[in-house]
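Down below is the structure, laid out as C-alpha cells.
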Amino acid sequence: MITSLKKCFGLLSLTRTRNMLLVSSIWIVGALHPALGQNIYTTGFEAPDLVADLPLSGQDGWTPAAFLPPFLSSDAAIITAEKKGGQIVRVEGTNLVHSDFINGVTDGYYDAIGSYRHGVDYDTGGTQTVRVSADVRLDGRRTPHSNFFSASIAAIAYNTDGDSEGVGELAISSDGHVYGSSGQDLVPEFLTSTHVALGVSHHLAIEVDFAARTYSFYVDGDLVGTFAFAPFNPSGVLRRGSIIAYAAPDTKKDKKADHAANYDNFAIEVVSE
C-alpha cells in the first residue's frame with residue numbers, strides 16, 4: 001500500500017539514479033551475508049536501545065520523522081511499557097492523523113495511515129529466503145464485514161530499476177481476520193485470509209524467497225499462502241521491514257480512537273540459503 005503511494009505519486013521515493021547507485025553499492029558488499037539463521041535486525045523494543053514514552057521513529061535505526069511525509073503519522077507509534085514489565089510499540093488510533101491525500105487516492109478506503117520503517121538494504125544474492133516477523137495485537141471493537149482498522153507488517157524489496165516494491169504484507173483487521181496481500185496496491189487486494197481473535201497477540205511472518213521469487217505468509221506458525229513476485233523483477237535486495245497501522249474514515253458506529261495496534265519482537269532474519 002505505502003509502496004504504491006510512493007511509486008504512483010513520487011512523494012516518498014529517492015530519485016531513481018540515487019537508488020540505482022545505492023543498489024549497486026549494496027551488490028558490491030553483498031558477499032558479507034549473515035550466516036544462515038542469523039538476525040539481520042531484531043528488537044524487543046526494550047531499553048536501553050529504545051526509550052519509553054517517545055516515538056519509535058528515529059530510535060535504533062527506525063526511519064526518523066524528518067524523512068517521512070507528514071501524512072504518515074510518524075509520531076503516532078510510541079514505545080510503551082506494558083503492565084507485564086516489557087516494552088512494546090503502540091499506535092493509538094486517535095493519534096493517526098486524517099489525510100485528505102490518503103483519503104483521496106484510496107477513494108475513501110483509508111483515512112489515516114501510520115508507517116514505521118527499519119531499513120536494512122540487505123543483499124540476498126538472489127539465493128536466500130528472508131523472514132520479516134513480529135508479534136502483533138489489535139485492540140478494539142470487532143467490526144464485522146468492515147476492514148475498518150488494521151495492524152500490519154510488510155517486506156519491501158528493490159526492483160531492478162532501483163525502485164521499491166512490496167513483497168508481502170500481512171495485516172490483522174478489526175473484522176477478525178488476518179489478510180495477506182502483495183503490499184503494492186493503493187487499496188489492498190487480499191490474496192489469502194484466516195480468522196483470528198482480537199485483543200490477543202499473534203505471530204505474523206512473511207518469508208521472502210528470492211531464489212523461488214515467492215513470498216509466503218505465516219500466522220502463529222501456520223502457512224496461509226505462497227504467492228509469486230509477479231509482475232516485477234526483484235533485484236535480490238531487501239530494502240526494509242515495516243510496521244503499519246491503517247484506519248478507515250470514522251462512522252457513527254466505528255471510531256479509529258477506539259482501536260490500537262501493538263507490536264513486539266520485530267525481526268528480519270535469514271532463514272534459508
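Test each condition in (1) touching a strand residue (DSSP E or B) at 6+ places or on another chain (Cβ under 6 Å); (2) hydroxyl-bearing (Ser, Thr, Tyr); (3) open to solvent by less than 10 Å² (accessible area, probe 1.4 Å) for Thr106 and report the one that comes out false. Here Thr106 meets the rest and fails (1). Residues in segment 60-78 that are outside any loop (DSSP other than H, G, I, E, B) and surrounded by fewer than 22 Cβ atoms within 10 Å (Cβ to Cβ): Ala65, Ala66, Phe67, Pro70, Phe71, Ile78. Scanning segment 79-103 for residues that are over 17 Å from Tyr116 (Cα atoms) and surrounded by 17 or more Cβ atoms within 10 Å (Cβ to Cβ) yields one hit, Asn103.
The values are calculated or read from the model by the stated rules, or taken from the named source; none is laboratory data. None of these values were measured; they are calculated from a predicted model. Heads up, the Cβs are rebuilt from the backbone with ideal geometry, glycines too, and the neighbour counts pull from every protein chain shown. In case anyone asks, the SASA skips ligands and DNA or RNA and just uses the protein heavy atoms, side chains included. Shrake-Rupley method; radii C 1.70, N 1.55, O 1.52, S 1.80 Å.
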